[in-house]
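Take a look at the structure set out below.
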Amino acid sequence: VLDVGCGTGTMAILAAEEVGSTGEVVGIDPSESLLARARTKAACQGPKANYRFEQGLAEDLSNHENIDVVLCTFCLHHLPGDELQPKSLGEMKRALKPGGKLLVVDFPEGQHHHSHGCCNGNQEVNAEKDPIVVIIQAAGFTEVKAQPVRMMGAIAVLARRS
């Protein structure tokens, strides 16, 4: 599992529990301070050899390939849409093995800021035409399925590399 934009490592740590001792999770983020927090949080979980954190960019995943699952939670809205979002999604697709899965969770309809809070679940989300869905489809992913995440005021998109 590759957790792109892992921040403080929450999803990577949870994913490491799911993949067990035979899998591996790599969390990448450009922020060394967030990675330091992720490593500290991971250390509190006890020693585990199945995950690590690296400094890296969503738009350059050249050190990663043949990945089963790519996670990207609340990261895309930090990237300028016209340039880095499509490039980053292209890199995620390239890094995935054929049939690999992508899970993106982020704010819908271009409302890319943190002011939504965790309780804004009343907004309507057009899961078929949301800009995040459109750019994931444009990157060449197949079986793109989206649904609103009510509690977060977000959208979750699951897709597959053909």
Fill in: Lysine pairs with alpha-carbon atoms under 16 Å apart, the chain, spacing 8 or more or separate chains
4
Worksheet item: Based on the alpha-carbon gyration tensor of segment 1-47 and its eigenvalue square roots a ≥ b ≥ c, which shape applies: rounded if a/c is under 1.5, prolate if not and a/b is larger than b/c, or oblate?
Response: oblate
Worksheet item: Can you give the accessible area of Thr8 in Å² (nearest 10), computed on protein heavy atoms with a 1.4 Å probe?
Response: 40
Worksheet item: When the scattering of the chain is computed by the Debye formula from its Cα atoms alone, each counted once and equally, what is log10 I(q)/I(0) at q = 0.11 Å⁻¹?
Response: -0.42
Worksheet item: How high is the relative contact order of the chain, given as a whole-number percent (alpha carbon pairs under 8 Å, six or more residues apart)?
Response: 20
Item to complete: Compare the Cα positions of Ala159, Pro131, Gly56 along the charge dipole of the chain (+1 at Cβ of Lys, Arg; -1 at Cβ of Asp, Glu; about the Cα centre) and return the one farthest towards the positive end.
Response: Ala159
Worksheet item: Given +1 on the Cβ of Lys and Arg, -1 on the Cβ of Asp and Glu, and no further charges, what dipole in debye does the chain carry about its Cα centre, rounded to the nearest 20?
Response: 360
Worksheet, complete the sentence: Over the chain, the sum of -39500 (n - 2.57) across DSSP H runs of at least four, divided by residue number and rounded to 500 deg cm²/dmol, gives at 222 nm -8000 deg cm²/dmol
Practice prompt. Rounded, prolate or oblate: pick one for segment 9-98, where a ≥ b ≥ c are the square roots of the eigenvalues of its C-alpha gyration tensor, a/c under 1.5 means rounded, and failing that, prolate if a/b is larger than b/c, else oblate.
Written response: oblate
Worksheet item: About its Cα centre, what dipole magnitude does segment 60-99 give when the only charges are +1 on Lys and Arg Cβ and -1 on Asp and Glu Cβ, stated in debye to the nearest 20?
Response: 120
Item to complete: At a 1.4 Å probe radius, which order do Glu65, Glu59, Glu24 fall into by accessible area, largest first?
Response: Glu65, Glu24, Glu59
Discussion item. Can you compute 3J(HN,Hα) from phi for each residue in segment 130-135, using the Karplus curve 6.51 cos²θ - 1.76 cosθ + 1.60 with θ = phi - 60°, rounded to whole Hz and x for Gly and Pro?
Written reply: 4, x, 5, 4, 4, 6
Worksheet item: On the accessible surface of the chain, probed at 1.4 Å, how many percent belong to carbon and sulfur atoms?
Response: 52
Worksheet entry | Distant-in-sequence amide H partners of Ala154 (H built 1.01 Å from N, under 5 Å) | Val149
Worksheet, complete the sentence: For the chain, the per residue accessible area (1.4 Å probe, Å²) is 53
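The values are calculated or read from the model by the stated rules, or taken from the named source; none is laboratory data. Everything quoted here is computed from the prediction, not taken from an experiment. Methodologically, a virtual Cβ is constructed for each residue, glycine included, from the backbone with ideal geometry; neighbour enumeration extends over all protein chains shown. Just the protein is used for accessible areas: all its heavy atoms, side chains included, with ligands, DNA and RNA removed. Shrake-Rupley method; radii C 1.70, N 1.55, O 1.52, S 1.80 Å.
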